[in-house]
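Single-structure report; data block below.
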Amino acid sequence: MVRDDSPMTLPGTVRARSAEETWQLLAPLLPQFGISRVARLTGLDCIGLPVWTAIRPTSLTLSGSQGKGATDLLAKLSAVMEAIELWHVEQPLPVTVQGPVTEVAPDCPVTDLPMTLPYTRQALARVVWEWTAGTSVVSGQKRLLPVDLVRRRVQRPEWSLDLLRATSTGLACGNTREEALLHALFEVVERDVLYRDGQCGGQARTLINPATVDDPYGQEVTARLAAAGMAVELSLVDGPYGLPVCLAYLWSEDFPVTFAGGGCHISPAIAATRALSEAAQSRLTAIAGTRDDLPSDPASFDIPPFRPARTAGLTPWPQATAHFGRAPSAGFAAQVKDVALRVAHVTGHEPVALDLSEGSTPIHAVQVVCPGTRSRLRRAMPR
């Protein structure tokens, strides 16, 4: 059981339960979420960072979900959690009301939602949408949001216009609702900061010397990458939220494709290890071919020559992260409020949470929608 709101610090992550307790609760529920098997992918690559996959044969989105972690159990849980997230967005959301925004939800900032094209509020004024009820993360007020923010195109009625872009940004699972909300908000911040950085041509990046990362798990990750002969580029990316966001690139001669990973967390060390391990996970996923949406042609991957942007004069990790100070020891609820207020200050809109899971389940699934934030459209993170 989750006894209080205090985060439990694990290598590379923070959770409300131990990995062993979470797996004990989740393992009997895998068939309920359509998960037929989980598999260890780690040995298919030379890096050795744990990567697992969870398979859902009857999925309506992706049948293969990958997960990474400091241990096999943490990576297995990560894969299973991602599969459970996708299962939840495949289930029908309750439709509270149907109608145009001007009549149904005049306070909804529709033009700041992720759209397939930029539309004016006037152009959207008469569009009839189905709406579902969400909850403002800080104030707790009920807010209506279009169901199509979550519902994928193949699940929408034939008559609906393809205006809203449903993404996995802000989709998260956790042992508690607050844990899920916090990880969802971190993902929103990460993707918005990297989007902003991409818009300015990478000018927000501070290149880091990976060998100077002083976190014990971070040192283990960088040592494994170095031992495997990986060329590593690690950056701390500046953004308006005052939270650590990291971006990592990996390349090697044995598989000459550039793989990227991003990470955000209140702890700079966790942000860095998330970025590095996500890049390693992306590489292993391509090797294993276990994602439905991977291109079958190797030429489709981003394979330009990899030349480190700089090999000398890289910023030491302690110097680059000194201004963040020590990560606070506050509980999940206080951290959720802090990050949500940061987002509201930057965007002018309070984040809204859609609760996707039943209250009785030991795992909570949410999708956090933050109007005014953005994420990239293409798979690759431009270098």
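The values are calculated or read from the model by the stated rules, or taken from the named source; none is laboratory data. Because the structure is a prediction, the values reported are computed rather than measured. Quick reminder, even Gly has a Cβ in these numbers, built from the backbone with ideal geometry, and neighbours come from all protein chains shown. Remember, those area values only see protein heavy atoms, side chains included, never the ligands or the DNA or RNA. Shrake-Rupley method; radii C 1.70, N 1.55, O 1.52, S 1.80 Å.
Quick notes on this one:
- For first residues located in segment 14-43 and closer than 22 Å to GLY64 by Cβ, partners that are charged (D, E, K, R) and open to solvent by 20 Å² or more (accessible area, probe 1.4 Å) and lie 6+ apart or on another chain with Cβ distances below 6 Å form the pairs VAL38/LYS76.
- Residue ID - surrounded by the fewest Cβ atoms within 10 Å (Cβ to Cβ), chosen from residues in segment 320-354 that are touching a strand residue (DSSP E or B) at 6+ places or on another chain (Cβ under 6 Å) and not in a helix (DSSP H, G or I): GLU350
- All positions within segment 2-43 that are aliphatic (A, V, I, L, M), more than 21 Å from LEU62 (Cα to Cα) and either open to solvent by 60 Å² or more (accessible area, probe 1.4 Å) or in contact with a strand residue (DSSP E or B) (Cβ under 8 Å, 6 or more places away or on another chain) (or both): MET8, VAL14, ALA16, ALA19, LEU25
- Looking across segment 156-167 at every residue that is open to solvent by 50 Å² or more (accessible area, probe 1.4 Å) and in contact (Cβ under 8 Å) with a residue 24 or more places away in the chain, the one that is farthest from CYS370 (Cα to Cα) is identified as LEU161.
- Given (1) open to solvent by less than 30 Å² (accessible area, probe 1.4 Å); (2) in contact (Cβ under 8 Å) with a residue 40 or more places away in the chain; (3) farther than 25 Å from GLY48 by Cβ, number of the condition THR222 does not satisfy: (3)
- Scanning segment 355-378 for residues that are farther than 16 Å from PHE186 by Cα, surrounded by 16 or more Cβ atoms within 10 Å (Cβ to Cβ) and among the aliphatic types (A, V, I, L, M) yields LEU356, ILE363.
- Extreme residue, farthest from CYS46 (Cα to Cα), among residues of segment 228-258 that are polar (S, T, N, Q) and at pLDDT below 95: THR258
- Within segment 87-117, restricting attention to residues that are in contact with a Leu (Cβ under 9 Å, 6 or more places away or on another chain), of a type in the set (A, V, I, L, M) and open to solvent by 20 Å² or more (accessible area, probe 1.4 Å), the residue that is farthest from PRO28 (Cα to Cα) is LEU117.
- The criterion of at least 1 residues that are of a type in the set (Lys, Arg) is met by the following helices (runs of 4 or more DSSP H) wholly inside segment 58-168: 72-90, 121-124.
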